[in-house]
Amino acid sequence: MQNTISHYIPEAAVPKVLQLLAHDHLVVKVKKERKTRHGDYRRLPNGKHQITVNGNLNKYRFLITLIHEIAHLEAFSKFGRHIKPHGAEWKRTFQHLMLPFINPDVFPDNLLPHLAKHFKNPKASSDTDVQLALALKQLDAPNNKSFIFEVPLHQTFKIHNGRVFKKGVKRRTRHECVEVKTGKVYLFNANAEVDIINN
């Protein structure tokens, strides 16, 4: 499977990634799209390690996600199982592993400033870094969806599971949206993708 990974990442990143994946007890799987995560890492009961990454990601997001999950494996291996999943040890490991990839041979020039800023203090998900997430989404295939920040105030929209919301006011970084059916208020990241409902 490790060699198949080369189809999902930028060509210039392949040799270094294959080096990082050269663990005897590591299984990497490419999965169908999961709405709640781009990838994950687990230590299996048999002692092996498993990394999964969604196969629908563009090659740059796939690479970032893959290195994110490798950082979990490396951090747990080096510092033990009791560290926080996205704590200081993981952040340092992720920064160290990503550094060789943050160059114009691997990433487009317009992504590099966002990556440099993000990796000063990487978050648990690149989706919570609105500027980086938006820059990455510009490299996705067109899908006729709108970002929450583009949706007009009080406009109704639906999300991937069909639930319908009405957009409300923006808080500091996220937008309040009311679920039409229940009246409950939810907070949406500015870069969440939704389908506008034209009344």
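The values are calculated or read from the model by the stated rules, or taken from the named source; none is laboratory data. Computed from a predicted structure; not experimentally measured. Methodologically, a virtual Cβ is constructed for each residue, glycine included, from the backbone with ideal geometry; neighbour enumeration extends over all protein chains shown.
A few comments on the model shown:
- Matching entry among N191, N144, N198, N161 (being surrounded by fewer than 16 Cβ atoms within 10 Å (Cβ to Cβ), touching an Asp or Glu at 6+ places or on another chain (Cβ under 9 Å) and not basic (K, R)): N144
- Checked against (1) out of contact with any Phe, Trp or Tyr (no Cβ under 6 Å at 6 or more places or on another chain); (2) within 23 Å of I70 (Cα to Cα); (3) not β-branched (V, I, T), E150 passes all but condition (2).
- Qualifying residue in the stretch 187-194 (condition: in a loop (DSSP other than H, G, I, E, B), more than 25 Å from H72 (Cβ to Cβ), not acidic (D, E) and not assigned by TED's automatic domain parsing to the domain that holds R34): yes
- Taking the listed residues Q19, Q95, the one that is of a type outside the set (S, T, Y), in the same structural domain as Q131 (by TED's automatic domain parsing) and farther than 29 Å from V130 by Cβ is Q19, with no other qualifying.
- Pairing residues of the stretch 28-44 that are over 21 Å from S6 (Cα atoms) with residues that are assigned to a loop (DSSP other than H, G, I, E, B), at Cβ distances under 7 Å and at least 6 apart in sequence or on separate chains, gives K35/H160.
- Selection of the stretch 101-127 for residues being over 19 Å from the mean Cα position of the chain (by Cα) and surrounded by 14 or more Cβ atoms within 10 Å (Cβ to Cβ) yields an empty set.
- Boolean, E89 is within 18 Å of L26 (Cβ to Cβ) and either of a type in the set (D, E, K, R) or surrounded by 13 or more Cβ atoms within 10 Å (Cβ to Cβ) (or both): no
- When R34, R61 are screened for being assigned to a loop (DSSP other than H, G, I, E, B) and under 30 Å from N161 (Cα atoms), only R34 passes.
- Just one residue in the set H23, H38 is surrounded by 14 or more Cβ atoms within 10 Å (Cβ to Cβ) and in contact with a Phe, Trp or Tyr (Cβ under 9 Å, 6 or more places away or on another chain); that residue is H38.
- Of all residues making up the stretch 57-91, the number that are of a type in the set (S, T, N, Q) and in contact with a helix residue (DSSP H, G or I) (Cβ under 9 Å, 6 or more places away or on another chain): 2
- Selection within the stretch 4-19 - within 15 Å of T52 (Cα to Cα) and aliphatic (A, V, I, L, M): I5, I9, V17
- If you go through the stretch 3-60 and keep only what is touching a strand residue (DSSP E or B) at 6+ places or on another chain (Cβ under 6 Å) and among the polar types (S, T, N, Q), you end up with Q50, T52, N54.
- Going through (1) in the same structural domain as I51 (by TED's automatic domain parsing); (2) surrounded by 15 or more Cβ atoms within 10 Å (Cβ to Cβ) one by one, R81 falls short only on (2).
- F165 being in contact with a strand residue (DSSP E or B) (Cβ under 6 Å, 6 or more places away or on another chain) and of a type outside the set (V, I, T): yes
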